[in-house]
Each structure stands twice: as C-alpha cells, then as structure tokens.
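Worksheet: one structure, shown below.
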Amino acid sequence: MKGLWWKVLALLLMLYVVLAGLLIPLKSGIQSVEPMQLTAGQQQTIRVEGYNTHFESGEEIRAWLRLGSPRVEGKEGRDTAILSNSVKVIGVQDLSISFQVPAYLPTSDGAARASLIIDNPKDGAFVLPEAIILKQSEALAGPPSPQGWSSQIENLSASSGITFPFRGLLAETIRNQYFHVSLWFSLMILMLAAAVYAARFLISGRSEFDRRSEALTKVGLAFGMLGLFTGMVWANFTWGKPWSGDVKQNMTAIALLIYLAYFVLRASVASDQQASRIGAAYNIFAFAMLIPLLYIIPRMRASLHPGAGGNPGFGGEDLDSTMRMVFYPGIIGFTLVGLWLAQLSWRTARLKHKIQERLLG
C-alpha cells in the first residue's frame, strides 16, 4: 500500500471532479430579455427568461435597471438606477417587468446601456450586464438629467447552497473548465517532467531516464489531443464553430505538431542510442517552444480565449471560489493519472528491453 497511496488519491480526485463538476447546479441567471431597447420617458414592459430560477406568484420579486457596471451580490448603496413598477410571474422561469423610464438620461450622448438586476427571495439576486439599451426620445430632447435615476439598491437576497456561476454565453458548458483547462495544466507539468528527464539522460547517459522522458511525452501528447478535442467541442457551442482560427487554437496545433515530430524523429533514426540522444535534445527544444506558443504569443494578439489580448482569465466569477474547489483538484487528479499512465508505459518499455537483452544474450 506504500506505493499505491498516490494512485488511490488520483482515482478519488477524479471521481470527485467528475461528480462535483457535473452535478453541482449553476446559479440562477437571466437568459434573455425582450425587447432589448427602451425609449426614455415612457412606460416600458420587458419579458425576461430566467435560467435555473424558481419564480412564484405572491413572492416579492424586485427588479432594477442600473446604468454602468452591475452591482456585486450582497452589497448595498446609492446607484444610478430605477426600480420597476411591477413584476408579474408568468412561469417559474419567465417574468414580465414594467419600468417607468425617466424622461431624460443622465448621459450626454443620448443613449446608455443598463444592467438588469433581479432580486428573488428564493434564488437570490442576479444580474445580466448591459441587458438593455436606453435611447433618448427625440420628442423629449434636452440636456442630460439625473432626475429619477437614484433608486437605492438594497436588501438584496443571497443565494443558498453551493452553486457554480451562470454565464449566459457558456451556460452549462462552464463545467468544461474542470476538464479542458485542467488537462492543459497537467500537460505542462508532464512535459516539464519529460524535459527534465531528457536533460538528465543527456548528462548521465542512463537509458532509464530516456524511457521515462519518452513515456511522459506520450501521455502529455495524449492529454494535449484530449484538450484540443474538448476545446473544439466548447468552441462549437460558444463561438459557433469548432475551429475559428483563433490565435490560441493555431498555436496549440503547432505545439502538438512539434511534439508529434518528436516521435517521427525517433522512429527515423536506425540506432537506438543515437535516436535517444537526438530525441532527448529535441524534447528540450519542444518544451522551450511550448511556453511562447501557448502563453506568450496568444497574449500579444486579440483572442477569444480568456487570458489573452486583454481578455481577462481566472478573475471574478470566471473562476469563483466554488469553481476553484473543483478546478484545482482536477489539475492534481489529471496530473497524477498522467504520471500513473507514464509509469505503466516506461515499465513496459523496460520489460521489453530486458526481454530483448536476454534473447540476444
């Protein structure tokens, strides 16, 4: 049992990541609003479709239109906002909300974007940022005025239970964070270990180090393929097609091709010893290329991926505290599984080598 503890830990972590990642519900949110444009100075009614909501008639459901960035759940204060006149429940996920939009907007350009905030005692408070475009009526043209735009957003309800954040574009696919992204973090760890063993082989000449480097590279490449596939499935849902030519997608494909060339190079050299030394040197080069391809070049260009081109990643509710409880164990679990698979691979290679020696000896 002494050498099995980390394998048991790997299985337990992966079981936890799969169950928690797929079964914990998302927070309540807003899927759609119609119409998306309102005119100042008029009584306006919008139809709201919620997500994972539990609206019931008789409950005190409140709604605001707030100019600027959305409020953080649980905070109170003075806002540039208006409170709804009435909120009617149509269904557990549908509301009809009426607003008396003030005659004048507090902005000078005659238009403003407003976030929709809904407070439901059962689901808590949730926000759809920049849900509504407000237009100044031409019949009421005049200077900007803050009059009527100072409703106080207070006593917001808090959601109960453990939930993952709801993002309208991602919806349930936000769960892919625990698999797609965790695979890439694990790949980096495995490829780093492979490069370290390659360097140790070049220094010492011990064939055991070369076998370990090759095995780790095999598993890392397999993880890269899985990461690319899960990313394409995710992209097809959120971006409309599996391959959009995004800079990170292109750089990822190049990085995987470089590592595929590692195995082609080893297979093309007749001498095993020479193949090992050339392969080890190439492995170090491949890892040195992996860093700029995945983490430097994409940050220098506009990208649909978070964490690139000014698009922030792992901030706010993109990766909140609840998601971290599953995401980080996912990285550890995938890494341990990768090491386990690599161990099986290099032990198999070592057995083959010993059998060949006995047959030839």
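Some observations on this one:
- Those residues of region 195-217 which are among the charged types (D, E, K, R) and either modelled with pLDDT under 95 or crowded, with 21+ Cβ neighbours inside 10 Å (or both), in sequence order: R206, E208, D210, R211, R212, E214
- Any chance K2 is farther than 17 Å from I117 by Cα, modelled with pLDDT under 90 and either out of contact with any Cys (no Cβ under 6 Å at 6 or more places or on another chain) or of a type in the set (S, T, Y) (or both): yes
- Of all the residues in region 13-31, those that are without any contact (Cβ under 8 Å) to a residue 60 or more places away in the chain and either touching a helix residue (DSSP H, G or I) at 6+ places or on another chain (Cβ under 8 Å) or assigned to a strand (DSSP E or B) (or both) number 0.
- Pairs linking a residue in region 93-105 that is assigned by TED's automatic domain parsing to the domain that holds L134 to a residue that is surrounded by fewer than 17 Cβ atoms within 10 Å (Cβ to Cβ) and of a type in the set (D, E), with Cβ atoms under 8 Å and 6 or more positions apart or on different chains, are Q93/E49; D94/E49.
- Which listed residue, of I203, I189, is touching a residue at least 40 places away in the same chain (Cβ under 8 Å), within 30 Å of D272 (Cβ to Cβ) and part of a helix (DSSP H, G or I): I189
- Test: residue in region 162-174 that is on the phi > 0 side of the Ramachandran plot and of a type outside the set (D, E): yes
- Test: S186 is among the small types (G, A, S) and surrounded by fewer than 24 Cβ atoms within 10 Å (Cβ to Cβ): no
- Candidates R212, R266 - the one that is assigned to a helix (DSSP H, G or I), touching a residue at least 12 places away in the same chain (Cβ under 8 Å) and touching an Asp or Glu at 6+ places or on another chain (Cβ under 8 Å): R266
- For region 292-306, the criterion of being of a type in the set (V, I, T), surrounded by 16 or more Cβ atoms within 10 Å (Cβ to Cβ) and more than 15 Å from W184 (Cα to Cα) is met by at least one residue.
- Only residues that are within 30 Å of S98 (Cα to Cα), of a type in the set (V, I, T) and within 23 Å of the chain's Cα centre (by Cα) were counted across region 11-52, and they come to 1.
- Among the criteria (1) farther than 25 Å from L183 by Cβ; (2) in a helix (DSSP H, G or I); (3) not charged (D, E, K, R), the one F237 does not fulfil is (1).
The values are calculated or read from the model by the stated rules, or taken from the named source; none is laboratory data. These numbers were taken from a predicted model, which means no experiment stands behind them. Glycine also receives a Cβ, built like all others from the backbone with ideal geometry; neighbour counts cover every protein chain displayed.
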